[in-house]
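Written below as structure tokens is the structure these notes are about.
The values are calculated or read from the model by the stated rules, or taken from the named source; none is laboratory data. Fair warning: this is a prediction, and the values are worked out from it, not measured in the lab. Note: ideal-geometry Cβ built from the backbone for every residue, glycine included; neighbour counts use all protein chains shown. These accessible areas exclude ligands, DNA and RNA; they are computed on the full protein's heavy atoms, side chains included. Shrake-Rupley method; radii C 1.70, N 1.55, O 1.52, S 1.80 Å.
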Amino acid sequence: RKEVEQDPGPFNVPEGATVAFNCTYSNSASQSFFWYRQDCRKEPKLLMSVYSSGNEDGRFTAQLNRASQYISLLIRDSKLSDSATYLCVVNRLNTGNQFYFGTGTSLTVIP
Amino acid sequence: DVKVTQSSRYLVKRTGEKVFLECVQDMDHENMFWYRQDPGLGLRLIYFSYDVKMKEKGDIPEGYSVSREKKERFSLILESASTNQTSMYLCASSLLTGGFYNEQFFGPGTRLTVL
């Protein structure tokens, strides 16, 4: 079983739509959680960390459900510039501090 | 701004050649990582290092070695390049605070083609 699983999409949504991505992780010892954004032919960049209480940054909301071992990302009022691949990332200390990446979910926002 | 730089954006090598990929970070991070990224497989960890001269194998270390002689520099070495090592190689660095990792900062990547 993969450490981190995401629906690869693609998600094609109109401007202004709300879109949600989910991600599941297999190891309950995972301790840190992140969403990264990767534009075509570019390196991944941190979008937001995910905290147990949930957190919001403008149009982006991230939530963590430890009991069900999943992480979500909600994007409200989608913009054309949100088109990218979104990577779910988890980290745990008992494997030498490795980060585990999902394969990414592709989002295209259509005018 | 944290900056992670990689020695080449594009590299073409022949089968059997020894290949060096260099990564330098300027934020005094203890931890550095080498990944490869392939379509449908995502990022896979090759090696990481949490201190100078220290290294740990990741998920796919076979065919690779690494060197960390200075804190800011982490090198990936392909001893004898093969066509299945054609990929995008990404270097990253991270700070450890209070036992937990902060975000990873990535370099721009090196697209390696082995002919």
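Worth a mention:
- When A and B come together, around 1800 square angstrom of accessible surface is lost from both chains combined, probe 1.4 Å.
- Coupling constants for the range A:7-16 follow from the phi torsions by the Karplus curve (6.51 cos²θ - 1.76 cosθ + 1.60, θ = phi - 60°), and in residue order they are 6, x, x, x, 9, 10, 10, x, 3, x Hz; glycine and proline get x.
- Scanning chain A for trypsin sites (Lys or Arg not before Pro) in DSSP loops with at most 11 neighbouring Cβ atoms within 10 Å leaves A:2-40 as the longest stretch between them.
- Over chain B, relative contact order from alpha-carbon pairs under 8 Å, at least 6 apart, %: 35 percent
- Links that overshoot a 32 Å alpha carbon limit, given the list A:LYS79/B:LYS70; A:LYS45/B:LYS57; A:LYS2/B:LYS70; A:LYS42/B:LYS57: A:LYS79/B:LYS70; A:LYS2/B:LYS70
- Taken one residue at a time, the phi angles of the range A:22-34 give Karplus couplings (6.51, -1.76, 1.60, θ = phi - 60°) of 10, 8, 10, 10, 8, 9, 5, 7, 4, 10, 10, 9, 9 Hz. Gly and Pro are set to x.
- For the range A:1-102, the relative contact order works out to 34 percent when only alpha carbon pairs closer than 8 Å and six or more residues apart are counted.
- Whole-Hz couplings from phi, Karplus 6.51/-1.76/1.60, listed for the range B:25-31; x for Gly and Pro: 10, 10, 10, 6, 6, 6, 9
- Bridgeable aspartates and glutamates around B:LYS18 (alpha carbons under 15 Å apart, same-chain partners fewer than 8 residues away excluded): B:GLU62, B:GLU79.
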